[in-house]
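Below is one structure; the comments refer to it alone.
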Amino acid sequence: MQKFNKLKSIPAYLPIVNIDTDMIIPKQFLKTIKRTGLGKNLFFEMRYDDQGKEINDFVLNQNPHNESKILIAGKNFGCGSSREHAPWALLDFGITCVISSSYADIFYSNCFKNGILPIILEEEIIKELSEYANRKEEISVDLNEEKIVYGNNEIKFKIDTFKKKCLLEGLDDIALSLKKSEKIENFENDLKNTKPWIFND
Amino acid sequence: MSTTLYDKIWNDHLVDQQEDGTALLFVDRHLVHEVTSPQAFEGLRNSNRKVRHPNLTLAVADHNVPTTDRTKGISDQDSKIQVDTLEDNCKEFGVQLFGMDDKRQGIVHIIGPEQGFTQPGTVIVCGDSHTATHGAFGSLAFGIGTSEVEHVLATQTLVQKKAKNFIINVNGQLPLGVTSKDVILQIIGKIGTAGGTGSVIEYAGDLIRSLSVEQRMTICNMTIEGGARAGLIAPDEKIFNYLKGKPMSPKGDSWEKALNYWNSLKTDTDASFDQELNLNAGEILPMITWGTSPQDVITIDEKIPNPESEKDEDKKNSIERALKYMGLKPDMAATDIKIDKVFIGSCTNGRIEDLREAAKILKDKKISSNVNAMVVPGSGLVKEQAEQEGLDKIFLNSGFEWREPGCSMCLAMNADKLKPEERCASTSNRNFEGRQGRGGRTHLVSPGMAAAAAISGNLDDVRKYQN
């Protein structure tokens, strides 16, 4: 997994609440058997008209937001379906940091498996940061220091220590868990005794 | 210390817990489907890893399968590749698969319970948010992403943090024509789509206990629409009777041992919850959604909301946006909404009792000539049962189409979809923009309400059609 440390970008602001994963990447693009190539279809229905032409009003079609690495959005971002195609599409587009006042649980967890940092901030701060998107000014995200620097201001954010470590070091979850193989085996052996029906024995 | 049902299942599955609370949880049952698994199997292959417990894993293709004649296979090339890929992966990794021509094939959350694969007290995961359905059996069941699917395939465990405990008590009796679908829509309307974020919801109260196993599944299924990780209900005799004799249920001595354990699965009387909501079932009415989020609910007697009467700017904008997308006017009566299509099916309402409920309303009646309607049974076994009971005849005689099982128009990944601006009364779970097809307009309702809408040609009150 790609490491996440520091990031500087002009953010893009999408002032919509409850952005669901169907909106982020509609179902016709879930037929892929790959993780890559979804960026061009990110926010497909808001981004393209019926003829497949870019809709100029949509923020990610506008320069310089078409190159934003940071997306600021309304609360409850990523609700709905568990599709990991949503973070894959964001990542493929180039967005590696999302800022919102809240996220749906599955989407939030999916971000960390893909090197994307989802930051939670108060709505008031989000309004302030969105001004930087409107003025096309850069903001900086520092994961190690858990802070965002914007203009002469800075704001701290909180993140789970284990998730932070995994992002900073780009750690592979499966390899980490397999280091606990012995514990898994012990658990399974106990289970065979206490609940034999689990293994259909 | 007193614990909740969720606490008990959680504690019983802890393989490891770090100091920061990050836990490794054992997974007893893993359901796999074609859309969220190809990249996971590919990951295993690239790292030379195996599926740790193929016998705890069950696969089925449901999202992409055609619901019309299947003898010619799948015509959409991308869908076909995905379904074929699942088949190849299952063969390579030794995972049991119900193929498209197997009568046990169906929606992943319907076949799990049908086979007895779903059991009380287990941790069940699947790369699909509606995995919450299985919570009806007193299991901890939740949706995961594809990276996590790979993690479970490789390790039979999942990295998790404990969620909060949320209890929803529903007491009293439901009025005639009101169903568990109306109960869960009412709950989502009350707590909102983020109301359950970070929590596991336990449903309790005498109304919940009085519900059948299938009605409980409808409630747990849509828990994710309230943002919660999972929803569960303490298992009881109804659950045990349902599971007895199912192909994958424990047998003989194992059954007795399992039953003994399952009987212990309940929240202690003095356990405390982080959040609580109490509802009176007697006050719940037939519900519809009017907007583009499952929290946008009103009763069939109510009017469409007016953004002008909303003070909160975010909410006002969101109502305006939803009304524009849905092509509705503020303050119009719900029963004035004309519909083009009706969809009965999905993991929310595609089981035999759902079909019986709709058929009861449709018997000896014709659907409106302006409406196109279809029933997609949740599985091959549901379809077979319905045909044995003659329900297919009732649907066909009324003007419904009778289809093959799958997810179908709930998410419109196959050929079943709405055209732009087409309006559908649907028994599914999501009314998001574009969910049933680009520009399509979805109103979520119960199976009886869907049948009533089909007859009237507009959203209508199912109570009108009760005998």
Out of all the residues in region A:165-187, which are of a type outside the set (Asp, Glu), in a helix (DSSP H, G or I) and within 10 Å of another protein chain (Cβ to nearest Cβ)? A:165, A:166, A:174, A:175, A:176, A:177, A:178, A:181, A:183, A:184, A:186, A:187
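Looking at region B:312-353 only, could you name the residues that are more than 24 Å from residue B:302 (Cβ to Cβ) and crowded, with 20+ Cβ neighbours inside 10 Å?
B:345, B:346, B:347, B:350, B:351, B:352
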Search region A:188-201 for residues being at the interface with chain B (Cβ under 8 Å from one of its Cβ atoms) and not hydrophobic (A, V, I, L, M, F, W, C), and hand back the single one that is surrounded by the most Cβ atoms within 10 Å (Cβ to Cβ). A:195
Going through region B:1-40 one residue at a time, which ones are under 24 Å from the mean Cα position of the chain (by Cα) and part of a loop (DSSP other than H, G, I, E, B)? B:4, B:27, B:28, B:33, B:34, B:35, B:36, B:37
Index of the failed condition, residue B:235 passing every other in (1) surrounded by 24 or more Cβ atoms within 10 Å (Cβ to Cβ); (2) within 22 Å of residue A:81 (Cβ to Cβ): (2)
Quickly run through region A:36-54 and pick out the residues that are of a type outside the set (A, V, I, L, M, F, W, C), in a loop (DSSP other than H, G, I, E, B) and out of contact with any Asp or Glu (no Cβ under 8 Å at 6 or more places or on another chain). A:49, A:50, A:51, A:52, A:53
Return the residues of region B:170-187 that are in contact with a strand residue (DSSP E or B) (Cβ under 8 Å, 6 or more places away or on another chain), over 19 Å from residue B:227 (Cβ atoms) and not in a helix (DSSP H, G or I); say none if nothing qualifies. B:171, B:172
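Yes/no matrix, rows are residues, columns are (1) farther than 15 Å from residue B:287 by Cβ; (2) modelled with pLDDT of 95 or more; (3) in contact with a strand residue (DSSP E or B) (Cβ under 7 Å, 6 or more places away or on another chain):
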{"site": "B:189", "(1), (2), (3)": "no, yes, yes"}
{"site": "B:195", "(1), (2), (3)": "yes, yes, no"}
{"site": "B:209", "(1), (2), (3)": "yes, yes, no"}
{"site": "B:216", "(1), (2), (3)": "yes, yes, no"}
{"site": "B:227", "(1), (2), (3)": "yes, yes, yes"}
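Table: residues versus (1) more than 18 Å from residue B:242 (Cβ to Cβ); (2) touching a residue at least 60 places away in the same chain (Cβ under 8 Å); (3) β-branched (Val, Ile, Thr).
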{"position": "B:96", "(1), (2), (3)": "yes, no, no"}
{"position": "B:125", "(1), (2), (3)": "yes, yes, yes"}
{"position": "B:130", "(1), (2), (3)": "yes, yes, no"}
{"position": "B:143", "(1), (2), (3)": "yes, yes, no"}
{"position": "B:148", "(1), (2), (3)": "yes, no, no"}
From the options B:444, B:411, residue that is modelled with pLDDT under 95 and within 14 Å of chain A (Cβ to nearest Cβ): B:411
Tell me which helices (runs of 4 or more DSSP H) are completely within region B:363-456 and hold 3 or more residues being in contact (Cβ under 8 Å) with a residue 24 or more places away in the chain, under 22 Å from the mean Cα position of the chain (by Cα) and under 24 Å from residue B:183 (Cβ atoms), or say none if there are none. B:447-456
Could you list all residues from region B:24-39 that are at the interface with chain A (Cβ under 9 Å from one of its Cβ atoms) and among the hydrophobic types (A, V, I, L, M, F, W, C)? B:24, B:26, B:35
With the first residue restricted to region B:14-37 and required to be at positive phi, and the second required to be of a type in the set (A, V, I, L, M, F, W, C), Cβ contacts under 9 Å at 6 or more apart or on different chains are B:21/A:162
If residue B:227 satisfies all but one of (1) more than 14 Å from every other protein chain (Cβ to nearest Cβ); (2) small (Gly, Ala, Ser); (3) within 18 Å of the chain's Cα centre (by Cα), what's the number of the condition it fails? (1)
Whichever residue in region A:150-164 is more than 14 Å from residue B:159 (Cβ to Cβ) and in contact with an Asp or Glu (Cβ under 7 Å, 6 or more places away or on another chain) and, among such residues, is farthest from the other protein chains (Cβ to nearest Cβ): A:156
Residue match in region B:288-304 (condition: surrounded by fewer than 21 Cβ atoms within 10 Å (Cβ to Cβ), among the charged types (D, E, K, R) and part of a loop (DSSP other than H, G, I, E, B)): yes
Filtered residue count, region A:15-35, keeping only those that are touching a residue at least 24 places away in the same chain (Cβ under 8 Å), part of a loop (DSSP other than H, G, I, E, B), surrounded by fewer than 24 Cβ atoms within 10 Å (Cβ to Cβ) and not aliphatic (A, V, I, L, M): 3
Residue A:57 out of contact with any strand residue (DSSP E or B) (no Cβ under 6 Å at 6 or more places or on another chain) and not in a loop (DSSP other than H, G, I, E, B): no
Checked region A:67-90 for anything more than 8 Å from chain B (Cβ to nearest Cβ), among the hydrophobic types (A, V, I, L, M, F, W, C) and over 23 Å from residue A:161 (Cβ atoms); matches are A:71, A:72, A:73, A:86, A:88, A:89, A:90
Which one is nearest to the other protein chains (Cβ to nearest Cβ) among residues in region B:43-75 that are farther than 30 Å from residue B:119 by Cβ and buried (at least 16 other Cβ atoms within 10 Å of the Cβ)? B:74
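The values are calculated or read from the model by the stated rules, or taken from the named source; none is laboratory data. Nothing here was measured: the structure is a model prediction, and the numbers come from that model. A quick note on method: Cβ atoms are made from the backbone with ideal geometry, for glycine too, and the neighbour counts reach across all protein chains shown.
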